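Here's the structure, in structure tokens; my notes come after.
The values are calculated or read from the model by the stated rules, or taken from the named source; none is laboratory data. Predicted, not measured: the structure shown is a model, and the values here were computed from it. Cβ placement follows ideal geometry from the backbone for every residue including glycine, while neighbour counts extend to all protein chains displayed.
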Amino acid sequence: MKKIIRGQIFYFINDPTLYTNPDDFMRYYEDGGLVISDGYIVDIGTYEEMQSKYIQASYDDYSGMLIMPGFIDTHIHYPQTPIIGSYGKQLLDWLNEYTYPVEEMFSSPKYAKGASKDFIKELFKNGTTSCAAFSTEHKTSVNALFKVASDFNMRIITGKVLMNRNAPAALEDTVKEAYAESKELIETWHKKGRNLYAITPRFAITCSMSELKVAGLLHKEYPDTYIQTHLAENKDEIKQTMDLFPDCTDYLNVYEKAGIVTDSSIFAHGIYLSDSELDRIKCAGSFISHCPTSNLFLGSGLFNMQRVNNKRVTTTIATDVGAGTSFSMLQTLNEAYKIQQLNRYVMNTFESFYKITLGAARALKLENKIGSFSLGNEADFIVIDYVAQYIQKIRMEYLKSCDKWDVENMLFGLQIMGDSRNIKATYVMGRKIDLTD
């Protein structure tokens, strides 16, 4: 049975930073019809065209609301959900005081299961339908998250955190355990249903070179897995890293020697990277996941998007919860915009939304599955009420009176003022998720 989703349909077909004509990078149907069947996108066009073409189809009517692909969060810590908004520390102190104690609780299967459900439901409430998430050192945390995601048929990327030093003993593994447990989890979950595995060394400070090389070895054995870690987030972190690896020329070189700078590598943050490091990231085909709310909250620094764009390094935008301050990608885009303003780069709203939809999907090599409404893609999409807040309605009416209301202004208003209140519905593989629970 086919279903037509009616509403104002918007999605990207190309990177908006490379084109000036909107027709070359986006599609927008003011009264559109998105046709889905068995969890996949089978057609798209004006509602009138789709209605006449699929006479027997059922439909969900969201006239007057925006329909777009679900958001993709490329860096988020699911175990840190309970410590979101914890007061007053910079990165390394924050990890020791808040992060590590809560992560120890994930040795409990019961706790990990409950936390996984809370995490995924919070994502859906904020319009995020896919993510690349850090779990903890415990296999239980990984198994729980994959299991709950599977129950929702959600496309998710996660993996066991690897760290064997400079952390509480309860969160450390050995090189042997890192390899054996990661291999077991890959064999159990990777590419089973919509699950994908990310080999996950936390960062250089908590990993010996032998531990980091385990990550490189695992990726060679399973080349279609991802690698996710942190890079150049904080000045003290960089100094400590270079003290621990004095034979390396810079931070990225630590990861290069371990064999984890690849075209499947996700580097979170990347605030303080040299021109050489950026060039080498570009050459490797890795990408940087910019986490604006976290960078501001922990006082880490201001990521320079224009500089990285000029280097042609792929970037996405992510929440990082819990050092980030919101599950909402809309609020995250809000802070990303402000950071670039401080850098004297006025980031266009199309660039912002691209980086959390098609841009993120391309970075993850999943553009033939998620991130847009290309025919055959998985039907992960959201419905946005862009005037859910009364002040948003006032703004729209004013812009209409000035003949300045268009899709760009609509999106920018959502980016600056939007949050979970604007998410009317979330669909995963064509199934509407109950957001009331």
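The set of residues from the stretch 278-337 being of a type in the set (D, E, K, R) and either more than 23 Å from Lys365 (Cα to Cα) or over 18 Å from the mean Cα position of the chain (by Cα) (or both) comprises Asp279, Arg280, Lys282, Arg307, Lys311, Arg312, Glu335. The residue that is modelled with the highest pLDDT, counting only those in the stretch 89-105 that are assigned to a helix (DSSP H, G or I) and touching an Asp or Glu at 6+ places or on another chain (Cβ under 8 Å), is Glu103. Close Cβ contacts (under 7 Å, 6 or more residues apart or on different chains) running from residues in the stretch 310-322 that are closer than 15 Å to Ala336 by Cα to residues that are basic (Lys, Arg) and part of a loop (DSSP other than H, G, I, E, B) comprise Thr315/Lys355; Thr316/Lys355; Ile317/Lys355.
Taking into account only those residues within the stretch 396-437 that are in a loop (DSSP other than H, G, I, E, B) and of a type in the set (A, V, I, L, M, F, W, C), which is nearest to Lys2 (Cα to Cα)? It comes out as Met429. Residues that are of a type in the set (Val, Ile, Thr), part of a strand (DSSP E or B) and in contact (Cβ under 8 Å) with a residue 24 or more places away in the chain do not occur anywhere in the stretch 182-194. Within the stretch 45-84, being β-branched (Val, Ile, Thr) and over 22 Å from Glu122 (Cβ atoms) holds for Thr46, Ile55.
Test Ser352 against the stated conditions and say whether it is crowded, with 18+ Cβ neighbours inside 10 Å, touching a Leu at 6+ places or on another chain (Cβ under 6 Å), of a type in the set (Ser, Thr, Tyr) and assigned by TED's automatic domain parsing to the domain that holds Thr158. It is true that Ser352 is crowded, with 18+ Cβ neighbours inside 10 Å, touching a Leu at 6+ places or on another chain (Cβ under 6 Å), of a type in the set (Ser, Thr, Tyr) and assigned by TED's automatic domain parsing to the domain that holds Thr158.
Filtered by the rule that a residue be of a type in the set (Asp, Glu) and out of contact with any Asp or Glu (no Cβ under 9 Å at 6 or more places or on another chain), the stretch 237-253 gives Glu237, Asp243, Asp247. Scanning the stretch 169-206 for residues that are under 18 Å from His230 (Cβ atoms) and over 24 Å from the mean Cα position of the chain (by Cα) yields a total of 4. Residues that are surrounded by fewer than 17 Cβ atoms within 10 Å (Cβ to Cβ), in contact with a Lys or Arg (Cβ under 8 Å, 6 or more places away or on another chain) and not charged (D, E, K, R) were ranked within the stretch 5-41; the one that is nearest to Lys355 (Cα to Cα) is Ile13.
Looking for something surrounded by fewer than 18 Cβ atoms within 10 Å (Cβ to Cβ), part of a strand (DSSP E or B) and modelled with pLDDT of 95 or more - is there at least one such residue anywhere in the stretch 62-76? Looking for residues that are surrounded by fewer than 18 Cβ atoms within 10 Å (Cβ to Cβ), part of a strand (DSSP E or B) and modelled with pLDDT of 95 or more, one finds at least one in the stretch 62-76, hence yes. Selection of the stretch 389-416 for residues being surrounded by fewer than 18 Cβ atoms within 10 Å (Cβ to Cβ) and among the aliphatic types (A, V, I, L, M) yields Ile391, Ile394, Met396, Leu399, Val407, Ile416.
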